[in-house]
Amino acid sequence: MYATTYHKPRTLAEAVSFYEASEEPSYISGGHTLIPTLKNRLAAPQHLIDLRSIPELSGIAVTPDKVIIGSATKHAVVAASKEVKAAIPALAGLAGSIGDVQVRHMGTIGGSTANNDPAADYPSAVLSLDAIIHTDRREIPADEYFQGLYTTALEPGEILVRIEFRIPEIAGYAKFRNPASRYSMAAAFVSKHRDGHVRVAITGAGNEGVFRWTEAEERLTESLTPAALAGLAIDPSRMMGDMHAPADYRAHLVSVMTRRAVENLGGTHIL
C-alpha cells in the first residue's frame, strides 16, 4: 500500500472539513472494497477519513412504514436487530449472509452501498425496497442512485448518512454464493409493496451492476408465485462472465434465485 494519512473525525462537519482540506482524500468505513484496492495499488488516496466513529451515522430506527439504518451500522448489528427481523426479515437475513463473521463485524451498510460493488448484497435490498439514500446534502431515490459498476450518484465528498427502507407487505432474498469469498455470484431480492407492486432487484450477476428485472416484476405483480416465472429467462448478454461463472450460467442462476426468493418470501435462501 502507498503511504496515507489516517483521520478519525467525530462529527460530520469534521469529516467534511478533513475532506475539503486534504489532497486526494477518500472516505472509508468498513474498508472491504477500498482496502483490497489499496493493497493491489489500484488506488492511492493520500488521506483516509474514517467515518465509523461519527455517532449520527450509526443506529436503527423503525416506524410503521420505514426501517431507517445509519450508514456506519455494521452488518452484524442489522442481522441481529429484533426490530429489523420483525419489520423486514429478509433484510436481516441478507445482512447475516454477508461474507463471514469477521466481515459482518467490520463491514457497514453505508460502505457497501456507497461502493456499489457488483457482488455486494445490500444494493439489491436498497433497490427492491425502493429505499431513499440520505446524504449530508440531499435525498436520492434508489432508482436514481445506482449508475453502473462501482458507480453511484454520490458526488465527490458527499457522505452517505442513512438509508430509509420502505417496509413491504412481504419480501424474500435468495443468493448463490461464491464458495471462496461467500459474496454473491447471483442473488435476487423480491419485495411486494403495500400498493401491490412487486420489485425484483438482481445483484452479483449483471454486467452493469445491480439492476431491476422488470419482466419478472410484471409477472409477479400479477401473481406472486413461483409458477408465474415459468419460462422466463434473462438475456445472457446482460450478465457478467468471469473465471467464476460464464454469462449464460449466471443468467440461469438469476432465474433460479428469483424463483427461490419467491418460494422463501418472509426470509432468505442461501446456497
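May I ask for the net charge around M239, where only other residues with Cβ less than 13 Å from the Cβ of M239 are counted and Lys, Arg are +1 while Asp, Glu are -1?
-2
Cα gyration tensor of the stretch 1-53, axes a ≥ b ≥ c as square roots of the eigenvalues: rounded (a/c below 1.5), prolate (a/b > b/c) or oblate?
oblate
Mind listing which trypsin sites (Lys or Arg not before Pro) in the stretch 1-69 are in a DSSP loop and have 10 or fewer other Cβ atoms within 10 Å?
Listed in order of number, the matching sites are R10, R41.
Go through K8/K66; K82/K175; K39/K85; K85/K192 and tell me which ones have a Cα-Cα distance over 25 Å in this structure.
K8/K66; K39/K85
Based solely on its DSSP helices, what 222 nm [θ] is calculated for the chain when runs of n ≥ 4 H residues each add -39,500 (n - 2.57) and the sum is averaged over all residues, nearest 500 deg cm²/dmol?
So the calculated ellipticity at 222 nm is -8000 deg cm²/dmol.
I'd like the orientation of helix 12-21 relative to the chain: the angle between its Cα long axis and the longest Cα principal axis, in ° from 0 to 90, rounded to 10.
70 degrees
Please identify every one of the GluC sites (Glu not before Pro) in the stretch 166-267 that sits in a loop by DSSP and has no more than 11 other beta carbons within 10 Å of its own beta carbon.
In loop regions of the stretch 166-267 (DSSP not H, G, I, E or B), there are no sparsely surrounded GluC sites (Glu not before Pro).
Specify whether the C-alpha gyration tensor of the stretch 159-264 places it in the rounded, prolate or oblate class, a ≥ b ≥ c being the square roots of the eigenvalues: rounded for a/c under 1.5, otherwise prolate if a/b is larger than b/c and oblate if not.
Because a/c hits 1.5 or more and a/b fails to exceed b/c, the stretch 159-264 counts as oblate.
How much of the DSSP bridge set in the chain is antiparallel, in percent, rounded to the nearest 5?
If we restrict to bridges inside the chain, about 75 percent are antiparallel.
Test of the criteria: in the stretch 10-84, which GluC sites (Glu not before Pro) are in a DSSP loop and have at most 12 other Cβ atoms within 10 angstrom of their Cβ?
E23
Enter the angle in degrees (range 0 to 90, nearest 10) between the Cα long axis of helix 247-263 and the first principal axis of the Cα atoms of the chain, meaning the one along which they spread out most.
For helix 247-263, the angle is close to 80 degrees.
Each reported figure results from applying straightforward, stated rules to the coordinates on display, with no laboratory input. The structure displayed is predicted, hence computed values, not measured ones. Cβ: placed from backbone, ideal geometry, glycine included. Neighbour counts: every protein chain shown.
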